[in-house]
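Here the structure comes first, spelled out in structure tokens, and everything after it is commentary.
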Amino acid sequence: MTARFGKYEILYELKSGGMGSVLLGRKRGPGAFEQLVAIKTIRPDYAKAETVRAMFLDEAAILARLNHPGIATVHDFGEDGGTLYMVMEYVAGIAMRDLHELPPMIAARAIAEAARGLHAAHEARDPSGTPLGLVHRDISPDNLMVGYDGHVKVIDFGIALVKNRQAPVTEFGTVKGKPPYMSPEQVKNEPMDRRSDVFSLGIVTWEMIVGRSLFEGDSLYAIALAVEQQVLVPPSRALGTQLPTGLDAAVMGALERDPDRRTPTAAAFAEALEGVVQASGGESLAGWAERELDAKRTEHRAWLARIVGGTPLPRAKGRASGLQTEVGAVAPPAPLPQVDPSADTSLGPAERESAPRRRSIAPLVVVSVAVLVTAIAIYLATAGRHHDQPIATATPDAPVPVITAAPRDASVSISITADATVAIVADAPPAHAIHHGHHDAGVIAITRAIDAAPVGEGVVDIRSKPPVYANISIDGAFPVNPPLHKKLAAGHHVIRFLAPTNSAVLDTQPIDLGDGQTLIVIQH
């Protein structure tokens with residue numbers, strides 16, 4: 001681990017992933033001046049990739065323009081030995097994802113603070129005073145930090161939509177964000193504004209009050225359909241208990257599917273929640289944190305004292321900081337284990353009352369097929385320059401035609417299951433690693449259901465392995481945590497093990513499941 005980045009001494013590696021790390025750093029000055037910071041880095045091999053570099057520079061530029069207590073502050077930015085780094089405020093606290101059974105009024109207070117910070121981001125302007133039109137696009141419990149001091153901060157603007165970004169914010173046919181927290185317009189890849197973030201924050205609020213997920217499904221498409229069609233019930237109805245007057249209305253106003261009827265701004269959402277809080281009274285967020293987070297705060301202080309004092313400590317295995325389904329992320333050359341101290345930092349990281357209608361999946365199908373056509377066109381346009389690569393291969397054991405190409409430094413993973421199955425997989429290393437004749441740079445596989453589908457069902461028992469417990473995706477479905485014991489229709493399936501930090505593919509295993517058969521699949 002590097003000893004320094006510029007004027008910042010490195011004390012500890014908080015988290016590590018395929019693309020970089022989050023480090024605990026310290027800046028010293030005259031006398032007793034000392035400042036602890038969190039340093040987000042991008043490894044040199046990725047820093048050379050144009051898309052990754054542009055996204056990192058964009059995030060730094062966005063955060064540098066935001067100045068609000070509800071947003072983690074950026075102190076510095078630079079490059080050292082080919083490694084890009086961003087120095088940010090070190091936030092001692094816990095992600096909202098890890099807070100369980102919050103009292104409704106505490107949840108309302110916490111979300112109101114987050115909404116104030118989010119509104120400040122939405123209101124950000126460039127030096128000439130022109131609004132940036134910023135949309136966070138990844139509001140979720142993973143990106144809302146509750147400090148041990150009882151204050152809430154919005155973090156991770158890495159895929160924020162903003163004017164004049166260097167990196168492409170939405171490539172054709174891509175959807176960015178975490179599907180269970182997307183707005184209907186985000187799921188359909190339609191134009192978005194600040195109201196999309198309000199919907200996402202409404203989802204988080206509902207879940208913090210009710211204590212379970214709002215939108216669930218066994219695939220990306222099932223979740224997308226739920227976001228678009230699921231009947232939404234107020235938190236009090238989901239809980240089966242009465243809540244303070246006005247809380248249901250505030251939450252359901254943020255969850256209006258029609259943006260024109262939705263609560264128009266994060267500030268308006270904060271005001272609605274604060275009105276309920278003021279009318280109900282009760283404990284402050286700071287008072288609740290002082291009591292309920294006391295054990296974690298004490299543990300963190302002891303850990304921090306040892307680190308600052310120079311005591312060498314073993315790295316703890318980290319938790320997944322939340323899967324981010326982002327088409328366009330670069331796959332790492334090799335998976336790295338996560339590391340995490342005893343506390344999180346500022347960086348990282350329903351009931352269904354009617355069946356969803358099949359026609360609502362049409363936008364995703366159209367987009368996915370368009371991506372398929374585009375991928376084939378790109379291949380055909382470049383095939384003449386890759387004579388050493390097979391145009392198509394098929395074997396008795398694998399009768400699927402495979403077209404091999406060398407895509408750019410981006411990965412795409414889309415699958416559709418209907419009468420025919422379309423699977424597009426393109427996982428590539430950084431751009432500098434792609435060259436003529438590099439056969440394993442990426443694969444685009446096109447599969448059609450030719451024979452009659454097998455009948456019956458079997459069981460798969462899927463297990464990950466240490467030190468990195470990968471998430472599991474079956475046939476392109478939304479990844480879940482291991483282990484997984486699941487019934488599947490008999491036939492061919494593809495199991496993928498994905499890195500918990502950036503969803504990079506660590507292992508792919510095709511299986512053929514027979515009727516009544518049980519298969520054990522273990523990560524290689």
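The values are calculated or read from the model by the stated rules, or taken from the named source; none is laboratory data. Because the structure is a prediction, the values reported are computed rather than measured. Don't worry about glycine lacking a Cβ; one is built from the backbone with ideal geometry, like all the others, and counts go over all protein chains shown. Heads up: the accessible areas ignore ligands, DNA and RNA and are worked out on the full protein's heavy atoms, side chains in. Shrake-Rupley method; radii C 1.70, N 1.55, O 1.52, S 1.80 Å.
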With every protein chain kept in the model, how would you rank 215, 478 by accessible area, 1.4 Å probe, largest at the top?
478, 215
Considering amide H positions built from the backbone, and no H for Pro or chain starts, which residues 5 or more places from residue 75, or on another chain, come under 5 Å of its amide H?
87, 88, 89
Cα centroid separation, region 112-133 to region 230-254 (Å)
28 Å
Which distance in nm do the two modelled labels at residue 67 and residue 284 give, with both placed 7 Å along the Cα-to-Cβ direction?
2.6 nm
Looks like region 1-113, by Cα gyration tensor root eigenvalues a ≥ b ≥ c and the a/c under 1.5 rounded cutoff (else prolate when a/b is bigger than b/c, oblate otherwise), is prolate
From the Cα gyration tensor of region 21-179, with a ≥ b ≥ c the square roots of its eigenvalues, which class applies: rounded if a/c is under 1.5, or else prolate if a/b is larger than b/c, or else oblate?
oblate
Would you please give the FRET efficiency between residue 3 and residue 241, computed as 1/(1 + (r/R0)^6) with r the Cβ-Cβ distance and R0 = 56 Å, to the nearest 0.05?
0.55
Between residue 260 and residue 123, what is the label-point separation in nm under the 7 Å Cα-to-beta-carbon projection?
2.7 nm
Could you tell me the calculated FRET efficiency between residue 130 and residue 302, based on Cβ-Cβ distance and R0 = 45 angstrom, to the nearest 0.05?
0.40
Which value, in Å² and to the nearest 10, is the accessible area of residue 251 when all protein chains are kept and the probe is 1.4 Å?
0 Å²
Once you keep just the Cα pairs under 8 angstrom separated by 6 or more residues, what percentage relative contact order results for region 173-314?
22 percent
Can you give the local net charge around residue 116? Use residues other than it whose beta-carbon is closer than 14 angstrom to its beta-carbon, Lys and Arg +1, Asp and Glu -1.
-2
For region 1-121, with all protein chains present and a 1.4 Å probe, just round the carbon and sulfur fraction of the accessible area to a whole percent.
50 percent
Which shape class applies to region 90-155: rounded if a/c is under 1.5, otherwise prolate when a/b exceeds b/c and oblate if not, where a ≥ b ≥ c are the square roots of the Cα gyration tensor eigenvalues?
prolate
Applied in sequence order to region 519-524, the curve 6.51 cos²θ - 1.76 cosθ + 1.60 (Karplus, θ = phi - 60°) yields integer Hz couplings, x standing for Gly and Pro, of 10, 9, 10, 10, 4, 6
Which value, in Å², gives the accessible area per residue of region 186-316 when a 1.4 Å probe is used on the protein heavy atoms?
45 Å²
For region 1-61, what is the relative contact order in percent, using Cα pairs closer than 8 Å and at least 6 residues apart in sequence?
22 percent
Assuming R0 = 22 Å, what is the FRET efficiency of residue 524 and residue 461, from their Cβ-Cβ distance, to the nearest 0.05?
0.90
Given labels modelled 7 Å from the Cα in the Cβ direction, how far is it in nm from residue 54 to residue 508?
2.6 nm
For region 81-86, Karplus-derived ³J(HN,Hα) couplings (6.51, -1.76, 1.60; θ = phi - 60°; whole Hz; x for glycine and proline) come out as x, x, 8, 7, 9, 10
Sort 503, 473 from largest to smallest accessible area, using a 1.4 Å probe on the heavy atoms of the protein chains.
503, 473
Hz values of 3J(HN,Hα) by residue in region 287-300 - Karplus curve (6.51, -1.76, 1.60), Gly and Pro given as x
x, 4, 5, 4, 8, 6, 9, 4, 5, 5, 5, 5, 4, 5
